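K.L.:
Sharing a structure, written as structure tokens. Questions coming.
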Amino acid sequence: MKLRTIIYSILLGISTLVADASDLTAKADSAYMNDQFAEAARLYLEAAEQEGTSSDLYYNIGNSYYRQNKLGEAILYYERAIRLDPLNKDARTNLEFVNTRITDEPGDRGMFISNTVNGFACKFPANCWAGIALTSFILLLGAIALYIFSSNIPLRKTGFFGGFILLAVCVLANVFASIATRYSTSHNEAIVIEPSTLLSTSPRVPKDRAEEAMLLHEGTKVEILDSVTTRIDSVASRWYDVKVDNDHRAWIQGKDIAII
């Protein structure tokens, strides 16, 4: 009897949390429709804490920040939405639009071929690529069986050449699945969320112009290479060694960026 009571209490608590989170989302939707964008963002974030994150929820948070003209935070949450669901076309469209409104134009980062391959792989979820890999592997087994056991010459040729094609598809799909998984789970990119920030040649506030590296504005994406914690007068500060593009690398304060 006690066990039944405990289970009932747990289920009741879970249902209450789900109802509260759903209620928060509804309130956030209402606030957004009434142009209360700061309140909508707050409620969406609270809902994310209670019911967990989702691509659509991040998309709504990005929209709320954009309507407040907080381009850095908007880009941050659109990026997070796409990380969770690369097929979220609305988030990708809005991200492309907001990126046209930021101050800094992104430079080239990485190699053209690797960027092209990674970009293509990350347009689809990892489980989509995994499904293609599994399907092509099963068909590959069928092609091998056709080549071995068939006495018909045209069918054997189909099994032979089709097997090579299916093998290539299987290998490529597995590679793309690995890239997509790494993309969705990595935390090596960040967005500048301050209106502007001055980067330094060393992990500390620049003491003179010689230590000033460059000025970045909100919405700029950077790649994190390393990080250190410095301490001045017992106050700890986190600094990140970031790559802005192929020609620029410097240190930025942790408070000025948010990791995707």
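The values are calculated or read from the model by the stated rules, or taken from the named source; none is laboratory data. It should be emphasised that the depicted structure is a prediction, and the values quoted were computed from it without experimental measurement. Cβ placement follows ideal geometry from the backbone for every residue including glycine, while neighbour counts extend to all protein chains displayed. Side chains included, ligands, DNA and RNA excluded: accessible areas come from the protein's heavy atoms. Shrake-Rupley method; radii C 1.70, N 1.55, O 1.52, S 1.80 Å.
K.L.:
For Phe160, tell me the accessible area in Å² from a 1.4 Å probe, rounded to the nearest 10.
P.N.:
Taking all protein chains as shown, Phe160 has close to 90 Å².
K.L.:
A follow-up question, please. Accessible area, 1.4 Å probe, largest first: how do Lys243, Lys27 sort? Display every interim value, and only then the final one.
P.N.:
Working: Lys243 55, Lys27 105 Å².
Of Lys243, Lys27, the descending order of accessible area is Lys27, Lys243.
K.L.:
Keeping every protein chain in place, order Tyr66, Tyr78 by accessible area at 1.4 Å, biggest value first, i.e. largest first.
P.N.:
The residues order as Tyr66, Tyr78, largest area first.
K.L.:
So what is the diffusion coefficient of the stretch 169-210 in µm² per second by Stokes-Einstein at 37 °C and 0.692 mPa s, using a Kirkwood Rh over Cα pairs?
P.N.:
232 µm²/s
K.L.:
So what are the three principal axis dimensions of the stretch 90-211 from its Cα atoms, in whole Å, longest to shortest?
P.N.:
Here the spans come out as 81, 32, 22 Å, largest first.
K.L.:
Something else about it: Taking 8 Å as the Cα distance limit and 6 or more residues as the minimum spacing, I'd like the relative contact order of the stretch 146-240 as a percentage. Walk me through the numbers on the way to the answer.
P.N.:
On the way: 93 pairs, mean separation 18.9, N = 95.
Across the stretch 146-240, relative contact order equals 20 percent.
K.L.:
Any idea how far apart Arg101 and Lys89 come out in nm if each label point goes 7 Å out from Cα toward Cβ?
P.N.:
Spacing of the two 7 Å Cα→Cβ label points: 2.2 nm.
K.L.:
Given a Förster radius of 22 Å and the C-beta distance between Asp23 and Gln68 as r, what FRET efficiency does 1/(1 + (r/R0)^6) yield to the nearest 0.05?
P.N.:
Calculated value: 0.45.
K.L.:
Using a simple spin-label model with points 7 Å from Cα along the Cα→Cβ vector, what separation in nm is obtained for Glu223 and Ile165?
P.N.:
3.6 nm
K.L.:
Could you give the spread of the C-alpha atoms of the stretch 184-233 along their three principal axes, from largest to smallest, in whole angstroms?
P.N.:
For the stretch 184-233, the Cα spread along each principal axis is 39, 23, 18 Å.
K.L.:
Match the structure shown to one of the listed values (1) 18.4, 58; (2) 24.7, 83; (3) 17.0, 51 of Rg and Dmax of the Cα atoms in Å, computed from it, and give that label.
P.N.:
Identified label for the calculated read-out: (2).
K.L.:
How many nm is it between the label spots at Ile144 and Asp35, if each spot is 7 Å from the Cα in line with the beta carbon?
P.N.:
6.6 nm
K.L.:
Based on the mean of other beta carbon atoms within 10 Å per residue, what is the order of 70-76, 226-232, 248-254, most packed first? Walk me through the numbers before you get to the answer.
P.N.:
Numbers: 70-76: 23.9, 226-232: 11.3, 248-254: 19.7.
Peptide ranking by packing, descending: 70-76, 248-254, 226-232.
K.L.:
Further question: Rank these by accessible area, largest first, 1.4 Å probe: Arg156, Arg209, Arg83, Arg101. Can you show the working numbers first?
P.N.:
On the way: Arg156 80, Arg209 195, Arg83 20, Arg101 115 Å².
The most accessible residue leads, giving Arg209, Arg101, Arg156, Arg83.
K.L.:
OK, next. Could you tell me which helices of the chain pass both thresholds, a Cα extent of 30 Å or more along their own axis and a mean Kyte-Doolittle hydropathy of at least 1.0, with helices taken as whole DSSP H runs?
P.N.:
Numbers: long enough: 2-33 (46 Å, 0.66); 126-149 (34 Å, 1.92); 153-185 (48 Å, 1.15).
Going by DSSP H runs, the hits are 126-149, 153-185.
K.L.:
Any lysines with Cα under 29 Å of the Lys221 Cα? List them, leaving off those in the same chain fewer than 8 positions away.
P.N.:
Lys70, Lys89, Lys123, Lys207, Lys243, Lys255
K.L.:
Could you give me the ³J(HN,Hα) list for the stretch 227-239, computed from phi with Karplus coefficients 6.51, -1.76, 1.60 and θ = phi - 60°, whole Hz, x at Gly and Pro?
P.N.:
8, 9, 10, 9, 9, 10, 6, 6, 9, 8, 9, 9, 10
K.L.:
Let me ask something else. If you take the Cα atoms of the stretch 120-164, find Rg, then find the Kirkwood Rh from the mean of 1/r over all pairs, what is Rg/Rh? Please list the in-between numbers first.
P.N.:
Numbers: Rg = 13.8 Å, Rh = 11.6 Å.
Ratio of gyration radius to Kirkwood radius for the stretch 120-164: 1.20.
K.L.:
Averaging over every viewing direction, what projected area does the convex hull of the Cα atoms of the stretch 151-260 cover, in nm²? Provide the component values of the computation, followed by the final result.
P.N.:
Numbers: hull surface 41.5 nm².
Over every viewing direction, the Cα hull of the stretch 151-260 projects on average to 10.4 nm².
K.L.:
Could you let me know the centre-to-centre spacing of the stretch 165-244 and the stretch 98-134, using Cα atoms, in angstrom?
P.N.:
Here the two parts' Cα centres lie 16 Å apart.
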